[in-house]
Amino acid sequence: MEKICFESPDLVQRNIELLSGIFPNCITETLDPERSTQEKPVYKRAVNFDLLRQMLSDDAVEGGGAFELTWAGKRAAIVTANSPLQKTLRPCLEESRDWDTTENLYIEGENLEVLKLLQRSYLGAVKMIYIDPPYNTGNDRLYRDDYRESRDDYDERVGARDEDGIRLFRNTDANGRFHSDWCSIMYARLLLARNLLRDDGAIFISVDNHEQETLKLMCDEIFGMSRYVGKIAVVNNLKGRNDKKDIAICHEYLLIYRRGDFTTGGMPLSEKQRAAYSMVDKAGNPYQLRDLRKRGRPDRREDRPNMYFPIYYNEETKECSLTRQEGWVEIFPLRGDGSDGRWRWGRERVEANLGLLEPYYSQIAHRWGIRTRVYLSAALAPVEAGAAEEDDSEEERLSKSKSFWMGGELSSDVGRRQLKELFGIPCFDHPKSVDYILRMLHMGTDRDSIVLDFFSGSATTAHAVMQLNAQDGGRRKFIMVQIPELCPEGSEARQAGFVNICEIGKERIRRAGDKLHRDLGSGAAGLDTGFRVLKTDSGNMADIHRSTEVYTQLMIPGMESNIKPDRSGLDLLFGCLLDWGLPLSKPFQCEMLEGCEVYTYDGGALLACFASPVPESVMEEIIRRRPRRAVFRDAAFTGSLEKINIFERFKRHAPGTRVKVI
């Protein structure tokens, strides 16, 4: 029960609470001198101002210590995460499938760069993130991150590119910064990933014993300790791995953190669980019986006195009532030792569900008890007190996930077999199984969610999203992100013609989608198995900002345009979507107006024309359509006066249109 405190609110703590919603990693704890005693110290929430200054600074700053996870390079990792990036995503139609209609994305590029590029378009839009990052076992290939100097300069300085030209390095046990490298890589990416989650979203992270404790401390800091949902032990190798001297490891972990108000979804019932609903009512609905008396603590009368009351039963008519009636049996919730217990339901809920009660007489205990019907159909679930009966759309009820998963379908061997069914060869080491990802999708998504995986590997997550949509008619969308790491020479994948991991992932989505359509036939109508391919590249703007001493006469022709000559109108359109924070999966059309390409995005949310110059008649047509946004090249106008005139005409005839130039 809440009490009136008769004092003004603690504005400092309220401000800390507000700050925790923006920078949860900057919230720590400190000793409360007013409430603490020598025998019993009391702590309160506080702000780690050093870390807050770092979050708001472009450069690494020094500061004091606090209760936090720290390592060499942590501040540099924060700078890396917060530093701006002059890059873009370029569409690749020839490698895409169903470009015009799909809402799925496959993005090739270094995932930190991609996460930065998605900060506007998908801020607070992703329902679920799943990642299976490097486990830091000493054989991983990790990313190099540094955006304070040019990529070429940095790569040359530290030798960051491997022999294949990929910005990765082998993180061996001999590396003196074995844990620090991994921590810096994960911290920067998780900081950015958190921004993309919806308030009711969650992130699921696979990790083994090497770094699971470190990862939990890191996520406690980034998401907040109160946002910890749980840790699931996943048995994926029942025989145990023989790479440990003393203990054969059979499992790994799945860490789950929520962004805000996240509720875990239920899991489909197993065949064994479904078989337990062995009884059938007169309407043919399967059900099972469950004792109405509370089992397990707190199960005593004194624990919940208001849930201890008699229920009356007529043996002849089989009716139940909460009102005492002559000749009816009086039934109390008695524990096994005969002491007073309590019911699982209160009076109001019992009153609303009397028809589900089935009293019985125990010949062993020599007393009456009551069971309730639990139906397989969630639509027939007991009515909450004071609530109308709901028409639940679920065909069957769901079960709560346990903290321990075990089953052959979860092993990486099954994941390899699933790949082999599609490709004829496994072509990928230690892939997660589709069934493993499906469990997470049941827990973390609704039927119209965006699912992000920025360590997508062989694209198991995309496969699972399509399969679950096929099963329940959902419209979940996926965003896969993968660096185009080269497949090793001599590997089965390279021998099969796959040069890099991205080629495996894209082909896996194509083949899995084809298989779903074959298996479902006409039932697959409307199932989205396509994807738009986007690739990271340098920004669309030409490098024309140089010091005067480097210019020569020969460079003048190249300064006529501020757009790189190899960029198409489609490249510029997607650059504008990123800049304006618009989703990259919405439909758009391109039409020719007097020789000019005009792009109409999402039914008029944006109109773009990158012709140079734009004829007055085309400009008038764009103004007439009154789009919510319009964008042109700076060279679309013959001079400053014309630009001012066009802006004024937009204000007069399309006042709701925001206009930008590039």
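The residue list R14, R35 contains one member that is among the basic types (K, R), in a loop (DSSP other than H, G, I, E, B) and at pLDDT below 85, which is R35.
Yes or no: T263 more than 19 Å from L356 (Cβ to Cβ), exposed (fewer than 12 other Cβ atoms within 10 Å of the Cβ) and among the hydroxyl-bearing types (S, T, Y)? Here the answer is yes, as T263 does meet what is asked.
The C-beta contact set for the stretch 642-661 (first residue under 13 Å from L607 (Cβ atoms), second residue among the polar types (S, T, N, Q) and surrounded by 13 or more Cβ atoms within 10 Å (Cβ to Cβ), distance under 9 angstrom, 6+ apart or interchain) comprises F650/T657. Taking the stretch 49-68 as the range and being in a loop (DSSP other than H, G, I, E, B) and either modelled with pLDDT of 90 or more or out of contact with any strand residue (DSSP E or B) (no Cβ under 9 Å at 6 or more places or on another chain) (or both) as the test, the residues that pass are L56, S57, D58, D59, A60, V61, E62, G63, G64, G65. Applying the criterion of being basic (K, R) and under 18 Å from S401 (Cβ atoms) to the residues of the stretch 266-284, the residue that is least open to solvent (accessible area, probe 1.4 Å) is R274. Residues that are under 18 Å from I425 (Cα atoms) and either of a type in the set (S, T, N, Q) or in contact with a helix residue (DSSP H, G or I) (Cβ under 6 Å, 6 or more places away or on another chain) (or both) number at least 2 in none of the strands (runs of 3 or more DSSP E) confined to the stretch 450-545. May I ask you to verify whether P431 is open to solvent by 20 Å² or more (accessible area, probe 1.4 Å) and not in a helix (DSSP H, G or I)? When the stated conditions are applied, P431 does not pass them. Assess whether H442 counts as being surrounded by fewer than 24 Cβ atoms within 10 Å (Cβ to Cβ), on the phi > 0 side of the Ramachandran plot and in contact with a helix residue (DSSP H, G or I) (Cβ under 9 Å, 6 or more places away or on another chain). The answer is no for H442. Being in contact with a Phe, Trp or Tyr (Cβ under 9 Å, 6 or more places away or on another chain) and part of a helix (DSSP H, G or I) is the filter; apply it to the stretch 17-32 and report the residue that is surrounded by the most Cβ atoms within 10 Å (Cβ to Cβ). Filtering the stretch 17-32 for residues that are in contact with a Phe, Trp or Tyr (Cβ under 9 Å, 6 or more places away or on another chain) and part of a helix (DSSP H, G or I), the one surrounded by the most Cβ atoms within 10 Å (Cβ to Cβ) comes out as N25.
With the condition kept exactly as written, say whether any residue in the stretch 523-534 is within 18 Å of N104 (Cα to Cα), surrounded by fewer than 13 Cβ atoms within 10 Å (Cβ to Cβ) and free of Cβ contacts under 8 Å to residues at least 60 places away in the same chain. Yes, the conditions are met somewhere in the stretch 523-534. Scanning the stretch 206-223 for residues that are assigned to a loop (DSSP other than H, G, I, E, B) and either among the aliphatic types (A, V, I, L, M) or open to solvent by 10 Å² or more (accessible area, probe 1.4 Å) (or both) turns up D208, N209, H210.
Restricting the search to the stretch 73-94, which residues are open to solvent by 60 Å² or more (accessible area, probe 1.4 Å) and of a type outside the set (S, T, N, Q)? Result: P84, L93, E94.
Restricting attention to the stretch 459-476, does a residue exist that is at pLDDT below 95 and hydroxyl-bearing (S, T, Y)? No, there is no match, as no residue in the stretch 459-476 is at pLDDT below 95 and hydroxyl-bearing (S, T, Y).
If you go through the stretch 433-475 and keep only what is out of contact with any strand residue (DSSP E or B) (no Cβ under 6 Å at 6 or more places or on another chain), in contact (Cβ under 8 Å) with a residue 40 or more places away in the chain and charged (D, E, K, R), you end up with R439, D446, R475.
Restricting the first member to the stretch 23-47 and to residues that are closer than 30 Å to S57 by Cα, and the second to residues that are open to solvent by 100 Å² or more (accessible area, probe 1.4 Å) and assigned to a strand (DSSP E or B), the beta-carbon pairs closer than 8 Å and six or more apart or on different chains are E29/Y43; T30/Y43; L31/Y43; D32/Y43.
The values are calculated or read from the model by the stated rules, or taken from the named source; none is laboratory data. Please read these numbers as outputs of a predicted model, since none were measured by experiment. FYI the Cβ positions are ideal-geometry reconstructions off the backbone, even for glycines, and counts take in every protein chain you see. Surface areas here come from the heavy atoms of the whole protein model, side chains and all, with no ligands, DNA or RNA. Shrake-Rupley method; radii C 1.70, N 1.55, O 1.52, S 1.80 Å.
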